[in-house]
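> If you scroll down you'll find the structure; I have some questions about it.
The values are calculated or read from the model by the stated rules, or taken from the named source; none is laboratory data. The structure displayed is predicted, hence computed values, not measured ones. Cβ placement follows ideal geometry from the backbone for every residue including glycine, while neighbour counts extend to all protein chains displayed.
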Amino acid sequence: MISYRHHIVSLAAVFLALAVGVVLGGGPLSDLGRDDRAASATAAPKQAARRTADFGDQFAAAAAAKLYAGGLADHQVAVVKMPGAGADTTAALLEQVGAAGGQVTGTYAARPALTDPAQKSLVDTLGSQLVTQLGGDFVDSDASTYPRLGQLLALAATGDGADAQAVRDSLAGAELVDTAKGATPADLVLVVLGDHTDPAILAGLVTGLAAKATGVVVAGDTAAGASGGDLAALRANPAAESAATVDGAEAPLGQVSVTLALIRSLTTPGGSFGASGSSGAVPLT
């Protein structure tokens with residue numbers, strides 16, 4: 001015969017089990033199965049998108065040599081690194097230039113003062129002094145501060161002789177641009193973006209470069225090409241239309257596109273390429 005005490009203990013055990021079940025059913029453990037299903041459903045499209053992106057990068061890497069067809073052979077490329085430009089991205093771009101047969105003649109690392117609006121007086125004064133010192137026709141006499149500096153930077157990157165060296169030394173002495181030792185003249189200029197740059201300053205520099213170099217390509221990451229990014233602002237400026245722009249340079253597909261843009265710029269200036277480019281994803285023509 002079950003005693004009253006035993007009956008009470010049994011009921012208590014049942015109620016305790018029910019209470020635990022309610023807590024578990026309404027608590028974090030209750031959604032284990034549903035979370036797994038939801039996570040799986042959410043992850044599937046992301047995984048598919050990742051596979052598609054990986055396929056594009058793998059295709060670009062595999063097809064790069066055939067696409068280039070030695071298009072940069074016998075051509076020299078100078079690299080202008082804007083403040084904050086990623087070392088890995090820059091190195092990958094230089095590797096692709098070599099794969100296309102090109103030669104990197106020198107890297108010009110812009111210092112923060114070059115793109116700091118508060119340092120405009122320094123940039124303007126140095127530019128005026130250099131124009132007076134050079135006394136030639138290379139720099140447009142009516143150019144404003146940053147287009148003039150861009151033209152001077154083009155002289156440093158593409159010129160030869162005492163004038164080009166004087167510009168390199170002056171830019172380095174003013175702590176505006178650091179030049180690698182042994183730099184030699186180039187015919188193409190690749191600008192690698194990094195930190196955000198004031199749109200007017202960036203457009204001025206790029207416009208000046210494009211006015212004096214055979215071809216100029218500006219490369220930025222995916223964010224730079226999106227609305228509000230540096231490339232998006234540059235593309236909206238009519239004065240900079242003579243320079244080609246490519247976004248997505250942090251990935252192999254973008255790096256191949258940048259190199260194809262350099263090849264294209266030998267005969268056709270300008271163009272907007274990449275995921276956000278208005279001229280197409282890849283500059284094949």
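> Which of the residues belonging to segment 227-261 are over 18 Å from Pro147 (Cα atoms) and over 15 Å from the mean Cα position of the chain (by Cα)?
Listed by number, the list holds a single entry, Leu260.
> Something else: For the subset of segment 87-134 comprising residues that are closer than 21 Å to Leu205 by Cα and assigned to a loop (DSSP other than H, G, I, E, B), which member is farthest from the chain's Cα centre (by Cα)?
Asp116
> Follow-up. Only one of these is at pLDDT 95 or above, of a type in the set (Gly, Ala, Ser), over 23 Å from Ala62 (Cα atoms) and assigned to a loop (DSSP other than H, G, I, E, B): Gly228, Gly270. Name it.
Gly270
> Right, another one. Scan Leu190, Leu176, Leu171 and give me the residue that is surrounded by 15 or more Cβ atoms within 10 Å (Cβ to Cβ), at pLDDT 95 or above and under 28 Å from Leu260 (Cα atoms).
Leu190
> For segment 149-199, what are the residues that are β-branched (Val, Ile, Thr) and not in a loop (DSSP other than H, G, I, E, B)?
Hits for segment 149-199 are Thr158, Val167, Val177, Thr179, Val189, Val191, Val192.
> Is at least one residue of segment 99-110 out of contact with any strand residue (DSSP E or B) (no Cβ under 7 Å at 6 or more places or on another chain), surrounded by 22 or more Cβ atoms within 10 Å (Cβ to Cβ) and under 30 Å from Ala69 (Cα atoms)?
Checked segment 99-110: at least one residue is out of contact with any strand residue (DSSP E or B) (no Cβ under 7 Å at 6 or more places or on another chain), surrounded by 22 or more Cβ atoms within 10 Å (Cβ to Cβ) and under 30 Å from Ala69 (Cα atoms).
> For segment 149-167: of the residues being without any contact (Cβ under 8 Å) to a residue 40 or more places away in the chain and more than 16 Å from Val123 (Cβ to Cβ), which is surrounded by the most Cβ atoms within 10 Å (Cβ to Cβ)?
The residue in question is Ala164.
> For Ala162, all conditions in the list (1) under 22 Å from Ala240 (Cα atoms); (2) out of contact with any strand residue (DSSP E or B) (no Cβ under 7 Å at 6 or more places or on another chain); (3) among the hydrophobic types (A, V, I, L, M, F, W, C) hold save one; what is the number of the exception?
Looking at each condition in turn, Ala162 falls short on (1).
> Any idea how many residues of segment 37-73 are modelled with pLDDT under 95 and within 29 Å of Gly204 (Cα to Cα)?
Of the residues in that region, 0 qualify.
> Something else: Filter segment 126-154 down to the residues that are under 20 Å from Thr179 (Cβ atoms) and polar (S, T, N, Q) and list them by number.
Correct list: Gln129, Gln133, Gln151.
> Evaluate segment 216-224: report whether one residue or more is surrounded by fewer than 24 Cβ atoms within 10 Å (Cβ to Cβ), assigned to a helix (DSSP H, G or I) and out of contact with any helix residue (DSSP H, G or I) (no Cβ under 7 Å at 6 or more places or on another chain).
yes
> Considering each of Val246, Val256, Val282 in turn, give the residue that is at pLDDT below 95 and within 18 Å of Leu67 (Cα to Cα).
Of Val246, Val256, Val282, the one residue that is at pLDDT below 95 and within 18 Å of Leu67 (Cα to Cα) is Val282.
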